[in-house]
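*Asks:* For reference, the structure I am asking about is given below.
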Amino acid sequence: MTDLNLTARGYECSPWELRWRGMDVDALQRTESAFALSNGHIGLRGTLEEAEPRGLPGTYLNGFYEQHELPYAEGGYGYPEAGQTVVNVTDGKVIRLLVEDEPLDMRYGVASEHDRVLDFRTGTLRRTTEWSSPTGRRVRVTTERLVSFTQRAIAAIRYEVEPLDEDLQLVVQSDLLANEPVESDTHDPRVAAALDSPLVGEFCHAADYEAVLVHRTRVSGLRMAAAMDHHIEVDDGISTRIHAEDDLARLTVAVDVPKGGRLRITKYLAYGWSAQRSVPALRAQAEAALGGARKTGWDGLVEEQQQFLDDFWATSDIEIEGDPELQQAVRFALFHLLQAGARGESRAIPGKGLTGPGYDGHAFWDTETFVLPVLTYTTPDAARDALRWRHSTLDKARERATQLGLHGAAFPWRSINGAECSAYWPAGTAAFHVSADISDAVVRYLNATGDDDFERLHGAELLVETARMWASLGHFDRHGKFRIDGVTGPDEYSAVADNNIYTNLMARRNLLAAAEVCTRRPDLARELGADTTELDTWRAAADAMVVPYDRELGIHPQSEGFLEHDEWDYAATEPDFYPLLLNFPYFDLYRKQVVKQADLVLALHLCGDSFSPDEKARDFAYYEARTVRDSSLSAGTQAVIAAEVGHLDLAYDYLAEAALTDLHDVHNNVRNGLHMASLAGAWQGAVAGFGGLRDHGGQLSFAPRLPRQLGSLKFRLAFRGTRFQVEITHDEATYHVLEGEPLELVHHGERFTVTETPVKLPIPAIDPGPAPHQPLGRNPMRRTPDRVRQFATQQK
Ligand code: BGC
């Protein structure tokens, strides 16, 4: 950094926004992820308008990827041949500024103010920069950008420059820039080659203030269009020029602006992509979207955005009293989850949303198991759309099942277009539980909405095809028990194990749900070819499902044989050796009792109706001592079960870890994008943890309990069209309907009806016994009163 008299102070603590004051070039990569804007269709990383300095530029369109060979030293049957990687598409964020022929570049000159703020209520990213060029020309640059929730194809930027001391000549260049060079983290030259200039120009056009570029990928054969238009407001005469070439369209605006005057440019951006549509069709699509945005205008887009978010927060907000930093982090999490799913419309929700290129842009079980519970109870349409995406990939899942010698559908471990992309089969392909995770998300969504159309058109088929897969993957042994051998459960430090309890319980639920829908809807059963013999087999498999238990220890083994494995030597493992997978061979991890992420403990949460309270307490303590949390998916689940068994301080620490994973860059990889499952873990920790929400068998139940550190916790949910609120203090919980019909709920085992009149119910005490311990050095950071106070004093 040159000559900047501003020191960056990190994120400020504030309940409804994320603000970073000052400029820190080294922090750009991670702040670009946190400041990313998305509507689930378009994703814009939070790069500066002038494009440099930059961390990792990124503009993404959900589902738009390039295909490349997958590297194998030794091939094997069924290995996926092609990989898919999200493409950095045409960047429309770029607006460069020349102040009397000196480019605005934050690495030069002096910035007396530089401030960026992501506003969770307006859904915009604002920036204010006061900058003095190396020769002392001072300007104020104010920008605001949004990716529209209401007009799916649209993003917009308002860009203003004011000379502060004297009249100045300003030149602004507003670009559409394709194939912008990006440093890639990949170590595979074939992937790097595929992503080096991935777009082939097919069409460009520019006229007046408007331009469009159409490109396609070389191998995956996808086509995209990006278009821009501008509205320019300035007091005096301007000269403009627009031109377009293959990878660049540029509008140049030159104008003399007097001191006290202002140049204001509103840039509208439209994106579209397709595997089938022609160049003229895609061009027309983008231009039409631009036409709509222009008609709405900047003020209109901002207003629509605000209304959309008002509605979202009215159903989804979580209020935490007593920990301002956690409050901010939880709203940040909810905002990003909404951004990831709001307008995906039958596309996946990738593990990083559209905030970065991490995990190649793939979607995992993270979506169904972590993100969709949040969306189901806050933005159910988004949950439905993500499941529709799974449904749209059923043919590929059927092909995969056939290839693996199975019936029905086997969904991929990681993918963009529905085809398996996991190159390491023991962790990827053998993790069959993803299919049960999808079916569980279907059941949860149906229970929460009663959406008959979805059940008829998508849900029933998803349940039936995944049930068929389980019926063919498992077998009845000589004792008549149904075993599912050779699978990888959620814990990736065990692989190809027999009777993983999480997998078996989720498969059981999948089989029963399929049988239930077919019995209730014989018309659908007929359509799907499911006869009574098949339903009987599913039920028999479910009834006979093996759920191993060790009587001597009074513990459930995560998988058969797990409790016989050697212990990991935590005392001999240096802190730098985590994550273990990067420092130890898999074979050694696989043969030890070391757990990467909640596995049996996740079963205690999602299949909690299969365990007694005592079993939960014992199982939790046992796995707590062996779980190293090398995955960001773990803390949220540990928060939920710690709260259920009464270890509220520990639950609080885990909730904070899940919620702050990205803001504190706990896993040191936020530069590649935010961790959607961990953000969802923040909601899980609050609502399923301290709120005790469970939805076994479609009955919503709560078992609230608050840690002593918090004054109160309030959250809102939507269920069957009713919006309601739960407020928890230390002695009681208050439930009331905000809008809609009364609901039957359960509070600590007691049924009651919630209406618009608040119902107050007492919270019974719990004695959790001694606190469990974690592997040496792997306990979550203690959320001490000092730490909480530090942020409380900062709060704006
Ligand atoms: C975890 C998986 C997860 C994936 C993507 C891995 O580290 O072990 O469970 O699906 O990351 O988030």
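The values are calculated or read from the model by the stated rules, or taken from the named source; none is laboratory data. A quick note: this is a predicted structure, and the numbers were derived from the prediction, not measured. All Cβ positions, glycine included, derive from the backbone under ideal geometry; neighbour counts span all protein chains shown. The area values use the complete protein model at the heavy-atom level, side chains included, leaving out ligands, DNA and RNA. Shrake-Rupley method; radii C 1.70, N 1.55, O 1.52, S 1.80 Å.
*Asks:* Across region 311-322, in residue order, what do the Karplus-derived ³J(HN,Hα) couplings come to in whole Hz, using 6.51 cos²θ - 1.76 cosθ + 1.60 with θ = phi - 60° and x for Gly and Pro?
*Replies:* Karplus-based 3J(HN,Hα) across region 311-322 equals 5, 4, 5, 5, 9, 10, 4, 10, 10, 10, 9, x Hz.
*Asks:* Over the Cα atoms of region 1-99, how large are the radius of gyration and the largest Cα-Cα distance (Dmax), in Å?
*Replies:* 18.5, 61
*Asks:* How would region 397-439 be classified by its alpha-carbon gyration tensor: rounded, prolate or oblate, with rounded meaning a/c under 1.5 and the a/b versus b/c comparison settling the rest?
*Replies:* Judged from the Cα gyration tensor, region 397-439 comes out rounded (a/c under 1.5).
*Asks:* Moving to a separate point now. Report the far tail of the P(r) of region 69-181, meaning the percent of Cα-Cα pairs longer than 18 Å.
*Replies:* Here the long-distance tail beyond 18 Å is 64 percent of all Cα pairs in region 69-181.
*Asks:* Another question, if that's okay. Measure off, as a whole percent, the carbon and sulfur share of the 1.4 Å-probe accessible area of the chain, all protein chains present.
*Replies:* For the chain, the apolar C and S fraction of the accessible surface comes to 47 percent.
*Asks:* Can I ask one more? Using θ = phi - 60° and the Karplus relation 6.51 cos²θ - 1.76 cosθ + 1.60, list the HN-Hα couplings for region 752-763 in order, rounded to whole Hz, with x at every Gly or Pro.
*Replies:* These are the phi-based 3J(HN,Hα) values: 7, 10, 9, 10, 5, 7, x, 10, 9, 10, x, 9 Hz.
*Asks:* List, in the order given, every pair from 481/592; 295/352; 93/352; 352/760; 616/760; 616/714 whose Cα-Cα distance in the structure shown is over 30 Å.
*Replies:* Values: 481/592 27 Å; 295/352 33 Å; 93/352 20 Å; 352/760 39 Å; 616/760 28 Å; 616/714 26 Å.
From the list (481/592; 295/352; 93/352; 352/760; 616/760; 616/714), the Cα-Cα distance tops 30 Å for 295/352; 352/760.
*Asks:* A follow-up question, please. In square angstrom, what is the accessible area per residue of the chain with a 1.4 angstrom probe?
*Replies:* Per residue, the chain has 36 Å² of solvent-accessible surface.
*Asks:* Tally the DSSP beta bridges in the chain and give the antiparallel ones as a percent, rounded to 5.
*Replies:* Here the share of antiparallel DSSP bridges comes out near 95 percent.
*Asks:* Ignoring solvent entirely, what values of log10 I(q)/I(0) come out of the Debye formula for region 358-511 at 0.08, 0.09 Å⁻¹ when each Cα is a single scatterer?
*Replies:* Computed log10 I(q)/I(0) values: -0.20, -0.26.
*Asks:* Another one. Place +1 on the Cβ of every Lys and Arg and -1 on the Cβ of every Asp and Glu in the chain, take the dipole about the Cα centre, and give the residue among 700, 689, 129 whose Cα lies farthest towards its positive end.
*Replies:* 700
*Asks:* In whole angstrom, note down how far apart the Cα centers of region 634-674 and region 438-473 are.
*Replies:* 30
*Asks:* Given a cut-off of under 8 Å on Cα pairs at least six residues apart, what relative contact order in percent is computed for region 427-628?
*Replies:* Relative contact order, region 427-628: 22 percent.
*Asks:* Work out Dmax and Rg for region 130-271 from the C-alpha atoms and quote the Rg first, both in angstrom.
*Replies:* Final numbers for Rg and Dmax: 18.1, 54 Å.
*Asks:* Follow-up question, since we're still on this one. Taking the chain as the reference, fit the longest principal axis to its C-alpha atoms, fit the long axis of helix 501-520 to the helix C-alpha atoms, and give the angle between the two in degrees, 0 to 90, nearest 10.
*Replies:* That helix lies at roughly 90 degrees to the long axis.
*Asks:* Over the alpha-carbon set of the chain, divide Rg by the Kirkwood Rh and report the Rg/Rh ratio to two decimals.
*Replies:* Reported Rg/Rh (Cα atoms, Kirkwood Rh): 0.98.
*Asks:* Right, something else. Pick out, from 510, 594, 565, the residue whose Cα sits farthest towards the positive end of the charge dipole of region 427-628, with +1 on the Cβ of Lys and Arg and -1 on the Cβ of Asp and Glu.
*Replies:* 510
*Asks:* Follow-up question, since we're still on this one. Given H placed 1.01 Å from N in the peptide plane, which residues other than close sequence neighbours of residue 205 have an amide H under 5 Å from its amide H?
*Replies:* Close amide H contacts, sequence-distant or interchain: 212.
*Asks:* Restricting to DSSP H runs of at least four residues, report the calculated mean residue ellipticity at 222 nm for the chain, -39500 (n - 2.57) per run over all residues, nearest 500 deg cm²/dmol.
*Replies:* -9000 deg cm²/dmol
*Asks:* In addition: Compute the long axis of helix 380-392 from its Cα atoms, compare it with the longest principal axis of the Cα atoms of the chain, and write down the angle in degrees, 0 to 90, nearest 10.
*Replies:* Value to nearest ten degrees: 80.
*Asks:* Note the per residue figure in Å³ for the convex hull of the C-alpha positions in region 525-581.
*Replies:* Each residue corresponds to 162 Å³ of Cα convex hull volume.
*Asks:* Taking a ≥ b ≥ c as the square roots of the Cα gyration tensor eigenvalues, with a/c under 1.5 meaning rounded and otherwise prolate when a/b beats b/c, else oblate, which class fits region 273-361? Write down the numbers at each step before the final one.
*Replies:* On the way: a/c = 3.25, a/b = 1.57, b/c = 2.07.
Taking the square roots of the gyration eigenvalues as a ≥ b ≥ c, region 273-361 is oblate.
*Asks:* If you don't mind, there's one more thing I want to ask. Please compute the alpha carbon radius of gyration of region 427-628, then divide it by the globular-protein estimate 2.2 N^0.38 Å. Two decimals is fine.
*Replies:* 1.11
*Asks:* In addition: From largest accessible area down, sort 551, 521, 127, 708; use a 1.4 Å probe on the protein chains.
*Replies:* 551, 708, 521, 127
*Asks:* How far is helix 532-543 tilted, in degrees, relative to the longest principal axis of the Cα atoms in the chain, given as a value from 0 to 90 rounded to the nearest 10?
*Replies:* Roughly 80 degrees, rounded to the nearest 10.
*Asks:* In Å and on Cα atoms, what radius of gyration and Dmax does region 600-739 show?
*Replies:* Looking at region 600-739, its Cα Rg and Dmax stand at 15.2, 45 Å.
*Asks:* What fraction, in whole percent, of alpha-carbon pairs in region 211-286 exceed 21 Å separation?
*Replies:* 42
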